[in-house]
Amino acid sequence: MSDAPVDYRPMWTELGLDLEAHDALLGAVGPMYANAYMAQEGRPEGTGYFDFVMSEIHGLRIKELDDFRKAGNKVVGTFCLYVPEEIVRAHGAQCVGLCAGAEFAYDEVERILPRNTCSLIKSFMGFKLGKVCPYMEESDLVIGEATCDGKKKAYELLGELHNVHVMELPQMKRERDKEFWRAEVRDLISKLEELTGNTMTEETLRSAIKEVNDKRRALQRVWKTRKADPVPISGKDALLATQIAFYDDVPRFTQMVNNLADEVEQRVADGVGVAPKGAKRVLVTGAPMSIPNWKIHDIVETSGGVIVSEEMCTGSRYYDKLVDEDGATMDELIDGIADKYLDINCACFTPNEGRMEDILAMAKDWNVDGILHYSLQFCGPYQIEATQVERVAKDAGIPILKIDTDYSMEDVGQLSTRVEAFLEML
Ligand code: BJ8
């Protein structure tokens, strides 16, 4: 067998990517990854799988999805945690997370979106307009969700360029909101039946629930080891695991994360860490961080601190709760899925007391020295909710640092100074 690198360019061309722009994107992400990840010392060996997945992010995984589609199956792209992966998989389709974490084609984006739009929205529109995201182009359907106003309106524009279905999401969590959301999940089932030509059965649904729960259980195992001091895995690697969880093959990813969990559990037993015992322990909370957004973790962990937990959609909100596997009927299973997803504590909800409770519980259980609240500029929900997070943290006697940023690297120097001062003060 030849070890010559595979040429994915014909596949990218077939997908309609702009090869020159795509080269520029990959040319930027590679060094970012090397700087942030390969420079770390004492990483668990199991993180080698993430290095491999990242090296093939637009290669092997896209080829797998491409082959899957060419065999007559469907791929569904999502931007938010509220879209139930179980329902997608129970229709024989695969689900990939699309949230983009880098600035791209902003000139084009700012022709259709206001400049003061959050980086996350600008990024996904930029990836679409710049024709650089093979995951988007492999998606037969993109499922959006009515969370914040910016996303809602951006999906209308995206809908002019791609096949988009938007799920309506209540903004509160009362009994009648729950009923509404359960109906919305059932509408999604009809939509997916139409897309895939497959009818979900109790058996396919049970199996999908179990598979996705297994993925969450594996991530929970790694998360729990981060309670130890010294901490056996960096926050950066733990964040990467969650980011990859959104698009990797589910059973393979679960297996690899369970292997990593075996290793980091052993590290805890042996007292082996990636940071010295006593390093300042930080909980990060706020908006999600999509690949290749590793900015905050990198700053904290190169400033001598260590991130031990993420209360965010690329963190605990993704894996801390499981879907009920014991529903006796198809309806009970579907309701169990709807209820689990509505229980995610996104700042788009009012009130959002559950998030405050989660932050405080996590701060205690992971024994944190301080909290870092992360918001993207122009994100009303998280920037405003930061006031409440600050209040509950202060009431509990936990120091907190609030950071508002974007995807550019221009403020790294200034943020590093603030983070260093914060860590020193802890
Ligand atoms: S469940 S956090 S993934 S909506 S940063 S686009 S809120 S203006 S991302 Fe999110 Fe789902 Fe909630 Fe999670 Fe709007 Fe804010 Fe931008 Fe945001």
Would you mind finding the one in Lys277, Lys227 that is over 27 Å from Gln388 (Cβ atoms) and charged (D, E, K, R)? Lys277
Taking Thr117 and the conditions (1) open to solvent by 40 Å² or more (accessible area, probe 1.4 Å); (2) within 16 Å of the ligand (Cβ to nearest atom), which numbered condition does it fall short on, given that it satisfies the others? (1)
Please go through the range 371-395 and give me each residue that is within 15 Å of Cys348 (Cα to Cα) and either modelled with pLDDT under 95 or surrounded by fewer than 15 Cβ atoms within 10 Å (Cβ to Cβ) (or both), ordered by number. Gly380, Ile384, Thr387
Could you check, for the range 209-219, whether at least one of its residues is out of contact with any Ser or Thr (no Cβ under 8 Å at 6 or more places or on another chain), among the polar types (S, T, N, Q) and open to solvent by 10 Å² or more (accessible area, probe 1.4 Å)? no
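Okay, residues lined up against (1) of a type outside the set (D, E, K, R); (2) over 14 Å from Glu311 (Cβ atoms):
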site	(1), (2)
Ile359	yes, no
Gln377	yes, yes
Gly380	yes, yes
Glu385	no, no
Asp404	no, yes
Glu410	no, yes
Glu420	no, yes
Glu424	no, yes
Would you be able to tell me the number of residues in the range 182-206 that are among the small types (Gly, Ala, Ser) and outside any loop (DSSP other than H, G, I, E, B)? 2
Subset of the range 87-102 (residues that are farther than 23 Å from Ala338 by Cβ and more than 14 Å from the ligand (Cβ to nearest atom)): Ala102
Just name the residue that is nearest to Phe124 (Cα to Cα) out of those in the range 287-313 that are in a helix (DSSP H, G or I) and within 16 Å of the ligand (Cβ to nearest atom). Lys295
Within the range 355-397, how many residues are without any contact (Cβ under 8 Å) to a residue 60 or more places away in the chain and farther than 28 Å from Met425 by Cα? 0
Open to solvent by less than 40 Å² (accessible area, probe 1.4 Å), farther than 30 Å from Thr199 by Cβ and within 15 Å of the ligand (Cβ to nearest atom), is that true of Tyr319? no
Which of the residues spanning the range 263-288 are open to solvent by 20 Å² or more (accessible area, probe 1.4 Å) and closer than 16 Å to Thr242 by Cβ? Pro288
For the range 143-157, give me the residue count where each residue is outside any loop (DSSP other than H, G, I, E, B) and either surrounded by fewer than 18 Cβ atoms within 10 Å (Cβ to Cβ) or of a type in the set (Gly, Ala, Ser) (or both). 8
Specify which of the listed residues (Glu138, Glu160, Glu110) is away from the ligand (no atom under 16 Å from the Cβ), over 16 Å from Ile87 (Cα atoms) and surrounded by fewer than 17 Cβ atoms within 10 Å (Cβ to Cβ). Glu160
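Yes/no per residue for (1) within 13 Å of the ligand (Cβ to nearest atom); (2) touching a Cys at 6+ places or on another chain (Cβ under 9 Å); (3) acidic (Asp, Glu); (4) under 20 Å from Lys295 (Cβ atoms):
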{"position": "Gly370", "(1), (2), (3), (4)": "no, no, no, yes"}
{"position": "Tyr374", "(1), (2), (3), (4)": "yes, no, no, yes"}
{"position": "Phe378", "(1), (2), (3), (4)": "yes, yes, no, yes"}
{"position": "Thr387", "(1), (2), (3), (4)": "no, no, no, no"}
{"position": "Glu420", "(1), (2), (3), (4)": "no, no, yes, yes"}
{"position": "Met425", "(1), (2), (3), (4)": "no, no, no, no"}
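Conditions tested, residue by residue: (1) of a type outside the set (S, T, N, Q); (2) in contact with a Cys (Cβ under 9 Å, 6 or more places away or on another chain).
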site: Leu120; (1), (2): yes, yes
site: Met125; (1), (2): yes, no
site: Val132; (1), (2): yes, no
site: Asp140; (1), (2): yes, no
site: Thr147; (1), (2): no, yes
site: Lys151; (1), (2): yes, yes
site: Leu161; (1), (2): yes, no
site: Val164; (1), (2): yes, no
site: Leu169; (1), (2): yes, yes
Answer with yes or no whether Glu179 is open to solvent by 40 Å² or more (accessible area, probe 1.4 Å) and assigned to a helix (DSSP H, G or I). yes
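The values are calculated or read from the model by the stated rules, or taken from the named source; none is laboratory data. Small disclaimer: the values here were computed from a predicted structure and weren't measured. Ideal geometry is used to build each Cβ from the backbone, glycine not excepted, and the neighbour counts take in all protein chains shown. Each accessible area value is taken on the protein alone, full model and side chains, heavy atoms only, with ligands, DNA and RNA left out. Shrake-Rupley method; radii C 1.70, N 1.55, O 1.52, S 1.80 Å.
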